[in-house]
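All remarks here apply to the structure that follows.
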Amino acid sequence: MRVLLVEDEPDLGAAIKRTLTQQKYLVDWVLDGNEAWAYLDNSWTQYTLAIFDWMLPGISGLELCKRLRQNKNPLPVLMLTAKDTMEDKVTGLDAGADDYLVKPFGMAELLARLRALQRRCLTTSRSASTPQFPSQELTVGNLTLDYGNSTVVSNNPQADKQVIPLTNKEFQLLEYFMKHPNQILTTEQIRYQLWEVSSETISNVVAAQMRLLRRKLTNSGCGNLIETLHGLGYRLNLKR
């Protein structure tokens, strides 16, 4: 789960990022609205949630919301602000924010608001052609990701049920493939989606992480679910 955090207060931004990272979110933290819009306007990155401070250098959080909605982008947005009047809340919600959190706030409440936004997003996005995912699990084929304990369960009918513990990065990598089954994902797409935009990653980091994940899946009886398509990328092949 990837979050774009736009907060220009260094101490608060660092505290929020630290809290979210501990909860296994992947967080891109930027300090001004112009940089935030560059991230949002980048087709390489796909965010699960966004957290905007209202008052920002450059483009305000309010304007970021308006731009998202004008572009038909349904990204769930939690607005952070010291503005606490009813008129301010109405303005923020009308601009396109999905929820509103007044400063100062506790991190427990922030996390609860984000979980609520995720549940709401899952509920409203379900359709006959969309997999029905419980809020704490993601099931694709014979694999079930458990968000509560960072494991994947293999429900292969030809083998015993296996619970496979995953590292944070392995979990994020498998989640990305499970959300795009039978689709070819390039190395560049994976690197942009699984590592913070501002981080410096070595050139073979995706291949190295793929080897670790595949080894766990193979050793647990899942077989070679993720195939390499030379010159193209990787694919979670559920049609085998």
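The values are calculated or read from the model by the stated rules, or taken from the named source; none is laboratory data. All of these numbers come straight from a predicted model, not from anything done at the bench. Methodologically, a virtual Cβ is constructed for each residue, glycine included, from the backbone with ideal geometry; neighbour enumeration extends over all protein chains shown.
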Of the residues in the stretch 37-58 that are under 16 Å from the mean Cα position of the chain (by Cα) and of a type in the set (Gly, Ala, Ser), the one that is surrounded by the most Cβ atoms within 10 Å (Cβ to Cβ) is 50
Selection from the stretch 88-119 of residues at pLDDT below 85 and more than 15 Å from the chain's Cα centre (by Cα) yields 88, 89
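Closer than 23 Å to residue 138 by Cα, among the polar types (S, T, N, Q) and surrounded by fewer than 20 Cβ atoms within 10 Å (Cβ to Cβ): is that true of residue 21 in this structure?
The answer is yes for residue 21.
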Listed by first then second residue, the pairs whose first member lies in the stretch 198-213 and is under 23 Å from residue 145 (Cα atoms) and among the small types (Gly, Ala, Ser), whose partner is at pLDDT below 85 and exposed (fewer than 10 other Cβ atoms within 10 Å of the Cβ), with beta carbons under 9 Å and at least 6 positions apart or on separate chains, are 208/202
Answer with yes or no whether residue 132 is of a type outside the set (A, V, I, L, M), surrounded by fewer than 16 Cβ atoms within 10 Å (Cβ to Cβ) and at pLDDT below 90.
-> yes
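Yes/no per residue for (1) modelled with pLDDT of 90 or more; (2) over 30 Å from residue 185 (Cα atoms); (3) not hydrophobic (A, V, I, L, M, F, W, C):
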| position | (1), (2), (3) |
| --- | --- |
| 41 | no, no, yes |
| 53 | yes, yes, yes |
| 59 | yes, yes, no |
| 67 | yes, no, yes |
| 82 | no, yes, no |
For the stretch 212-240 the number of residues that are in a helix (DSSP H, G or I) and either of a type outside the set (A, V, I, L, M) or touching a Phe, Trp or Tyr at 6+ places or on another chain (Cβ under 6 Å) (or both) is 5
When the stretch 135-155 is checked residue by residue, the ones that are modelled with pLDDT under 80 and in contact with a Leu (Cβ under 9 Å, 6 or more places away or on another chain) are 135, 137, 147, 150, 155
Scanning the stretch 6-35 for residues that are closer than 24 Å to residue 168 by Cβ and among the aliphatic types (A, V, I, L, M) gives 6, 12, 14, 15, 16, 20, 26, 27, 30
